[in-house]
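Enquirer: This is the structure I want to talk about, given as structure tokens.
What follows is calculated from the coordinates using simple rules that are stated; it is not laboratory data. This is a predicted model, so every value here is computed, not measured. Backbone-built Cβ (ideal geometry, glycine too); neighbour counts: all protein chains shown.
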Amino acid sequence: MHVYDDEVFKMACDQFEVIADYLSIDKNDRERLMYPKRAVAVTLPVHMDDGSTKTFQGYRVQHHLTLGPTKGGTRFAPSLSLGETAALAMWMSWKCALSNLPYGGAKGGVTVDPTKLSRNELENVSRRYMQEMIPFVGPHTDIMGPDMGTNEQIMAWFMDTYSVYMGYAVNEIVTGKPVAIGGTEGRREATGRGVVYLVERAMDMLKMDPEKCTAIVQGFGNVGSVAALSLALKTGLKVVGISDAFAALYDPKGIDVKAAEQHVLKKGNLRAFCQNNHVDPNELLTMKCDVLVPAAVDRVINSKNAGKLHCRILAEAANGPTTPEADLILEKRWDEIFVIPDILCNAGGVIVSYFEWVQGLQSFLWSETEVTDKLFRILEHSFTQVIRRAKEHKIAHRTAAMAIGVERVLRAKKTRGLFP
Ligand code: GLU
């Protein structure tokens, strides 16, 4: 059995093979590009509040070291496996390369449901995870960031644990920290903001009037909630559907997203919010809207529902929301559905993480306006390149986006030699 044996890793490899065929990459280079450079698995014994000791599994996968240190989030999720972590690391590589960031991709995490832990237990798991990772990460080797199930507080515990070990404050070891300890302005909102910038760009291209358009957002975490709020309050769309892991809501008259956000801040999830409007979460994705934003987990758009999507723009805020089988269906529907592929759509997070790392290394602070302007400039450049390549070569937007990323990594590998 393969160490990375997992359905999500297989999906990432299948996607990569499509690109490798399109770019006619030879077999030896394919394997070098596809498999992670390094993977670390650790066992984390943790004291629980009831006096027992529980062990958790943790991982970190560093996909390639060709362009600089590796960079990527840390996921706390009950189903996380080494293979899934490797898939997420591979996607980070293409994402960073598409945005021209000097990084290889990485991802890590712990197989744990963070909502089932007390604050004290969560701190113990977070600190223990970073402690086990100290020999393998560093500001010039691998920089962690947030992902599903982790937040600013957890990044602060990571930074503190690493800094205690080093004997001084190393804030460039992790991004997505609170601003009070060296985080950057605008990081928390960055992914959602980037998604909305690209949605606006696509709407503009397609001559859609935001005031007459509707949106459905799946997922109400850091990315989904910021995207939904901004689509409603800034862009002026009517948000008709939202959901989280506990509930899905649909209201053709429009949902009060601000009230939903306040509710989640108080109660933790959408379960008890506007109960009259609850619908089947699987059906939410295929309901009629102009902009559909999957901002939750992978593989939610698959061969079963891709033919039934009822949107004009599919803005992939999650990592890997669309399976390769669904891609084949969406490619046939290219003139009905405009896809903003994940490695472009959600790149705002890692781009602003890069800004945070640069500010940390230079002990220099940028304003939120500087951060956001620079973010939009990078996204604009990537968007233009992806759309141009897709048009010129008559290929899907995902193929174009991934090809630009893969080509950059391949070129660097060939220029440097066999080591990285
Ligand atoms: N977790 C985010 C992603 O998937 C960002 C990671 C980071 O900021 O390092 O892109």
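Enquirer: Give the relative contact order (percent, whole number) for segment 220-282; include only Cα pairs under 8 Å separated by 6+ residues.
Expert: Contact order relative to length: 30 percent.
Enquirer: Report the semi-axes of the equivalent ellipsoid for segment 180-252 in whole Å, largest first, where each axis is √(5λ) for an eigenvalue λ of the Cα gyration tensor.
Expert: They are 22, 18, 8 Å, listed largest first.
Enquirer: What percent of all Cα-Cα pairs in the chain falls in each 20 Å bin, counting up from 0?
Expert: The percentages, shortest bin first, are 28, 60, 12, 0.
Enquirer: Amide H of Gly105 versus every other amide H placed in the peptide plane: which residues, excluding those fewer than 5 positions away on the same chain, fall under 5 Å?
Expert: The list, which skips near neighbours in sequence, is His63, His64, Lys71, Ser93.
Enquirer: Which percent of Cα-Cα pairs in segment 171-210 sits in each 10 Å bin, short to long?
Expert: The distribution over segment 171-210 is 28, 31, 22, 16, 3, given as percents.
Enquirer: Need one number: % antiparallel among DSSP beta bridges in the chain, to the nearest 5.
Expert: Within the chain, antiparallel bridges account for around 45 percent of the total.
Enquirer: Karplus couplings for segment 311-324 from phi (6.51 cos²θ - 1.76 cosθ + 1.60, θ = phi - 60°), rounded to Hz, Gly and Pro as x?
Expert: With coefficients 6.51, -1.76 and 1.60, one gets 10, 9, 10, 10, 9, 7, 7, 7, 8, x, x, 10, 7, x Hz.
Enquirer: Output needed: percent of Cα pairs per 5 Å distance bin for segment 168-297, bins running from 0 to the one holding the longest distance.
Expert: Distribution as computed: 2, 11, 20, 21, 18, 12, 8, 5, 2, 1, 0 percent.
Enquirer: Amide H to amide H, which residues 5 or more places from Ala248 or on other chains are under 5 Å from it, using H placed in the peptide plane?
Expert: Residues meeting the amide H criterion: Val279.
Enquirer: Which three extents, in angstrom, do the Cα atoms of segment 1-138 have along their principal axes, listed largest first?
Expert: That gives 57, 30, 22 Å along the principal axes, largest extent first.
Enquirer: Largest first and to the nearest Å, give the Cα extent of segment 120-194 along each principal axis.
Expert: Largest to smallest, the principal-axis extents are 34, 28, 21 Å.
Enquirer: Per Stokes-Einstein, at 37 °C and 0.692 mPa s, what whole-number D in µm² s⁻¹ belongs to segment 219-360, with the Kirkwood radius over Cα pairs as the hydrodynamic radius?
Expert: Approximately 208 µm²/s, per Stokes-Einstein.
Enquirer: Quick check for me: using +1 on Lys/Arg Cβ and -1 on Asp/Glu Cβ, what's the dipole size of the chain about its Cα centre, in debye to the nearest 20?
Expert: On the way: 49 positive and 49 negative charges, 119 e Å.
Here the size comes out at about 560 debye.
Enquirer: Once amide H atoms are placed 1.01 Å from N in the peptide plane, what residues at a sequence separation of 5 or more from Arg75, or on another chain, have their amide H within under 5 Å of its amide H?
Expert: Gly108, Gly109, Val110
Enquirer: I'd like the projected area of segment 242-314, averaged over all directions, using the convex hull of its alpha carbons. Report it in nm² with one decimal.
Expert: With every direction weighted equally, the projected area is 5.0 nm².
Enquirer: While we're on this one: Could you work out the per residue convex hull volume over the alpha carbons of segment 1-54, in cubic angstrom?
Expert: Hull volume normalised by residue count: 120 Å³.
Enquirer: Counting only Cα atoms, I'd like the Rg/Rh figure for segment 99-250, Kirkwood definition for Rh.
Expert: My calculation puts Rg/Rh at 1.05.
Enquirer: Hey, which of these cross-link pairs are over 25 Å Cα-Cα: Lys37/Lys304; Lys234/Lys288; Lys304/Lys391?
Expert: Where the Cα-Cα span goes over 25 Å, the pairs concerned are Lys37/Lys304; Lys304/Lys391.
Enquirer: Now, a different point. Which of Pro114, His2, Pro36 sits farthest toward the positive end of the charge dipole of the chain, with +1 on the Cβ of Lys and Arg and -1 on the Cβ of Asp and Glu?
Expert: Pro36
Enquirer: Given segment 290-420 reduced to its alpha-carbon atoms as identical point scatterers, what log10 I(q)/I(0) does the Debye formula return at q = 0.10, 0.12, 0.14 Å⁻¹?
Expert: Scattering profile of segment 290-420, log10 relative to I(0): -0.41, -0.57, -0.75.
Enquirer: Over segment 64-213, what is the relative contact order in whole percent, taking alpha-carbon pairs under 8 Å and six or more residues apart?
Expert: Once normalised by length, the contact order is 22 percent.
Enquirer: Additional query: Through the Karplus equation 6.51 cos²θ - 1.76 cosθ + 1.60, θ set to phi - 60°, convert the phi angles of segment 408-415 into ³J(HN,Hα) values in whole Hz; use x for Gly and Pro.
Expert: Rounded to whole hertz, the list is 5, 5, 4, 4, 5, 5, 5, 6.
Enquirer: Same structure, new question: To the nearest 20 debye, what is the magnitude of the charge dipole of segment 170-279 about its Cα centre, counting +1 on the Cβ of each Lys and Arg and -1 on the Cβ of each Asp and Glu? All intermediate terms of the calculation are to be shown ahead of the outcome.
Expert: Values: 14 positive and 11 negative charges, 34 e Å.
The calculation lands at about 160 debye.
Enquirer: Next up: State, to one decimal in nm², a quarter of the convex hull surface area for the C-alpha atoms of segment 228-274, i.e. the direction-averaged projected area.
Expert: Approximately 3.0 nm², given one-decimal rounding.
Enquirer: Oh, and also: Could you run the Karplus curve 6.51 cos²θ - 1.76 cosθ + 1.60 with θ = phi - 60° over segment 268-277 and give me ³J(HN,Hα) per residue in whole Hz, x for Gly and Pro?
Expert: x, 7, 8, 3, 9, 8, 6, 5, 5, 9
Enquirer: Hey, what's the Cα Rg ratio for segment 73-181 versus the globular rule of thumb, 2.2 N^0.38 Å?
Expert: For segment 73-181, the normalised Cα radius of gyration comes out at 1.04.
Enquirer: Then there is this: About its Cα centre, what dipole magnitude does segment 1-49 give when the only charges are +1 on Lys and Arg Cβ and -1 on Asp and Glu Cβ, stated in debye to the nearest 20? Could you put the intermediate results ahead of the total?
Expert: Values: 6 positive and 10 negative charges, 56 e Å.
That gives segment 1-49 a dipole magnitude of about 260 debye.
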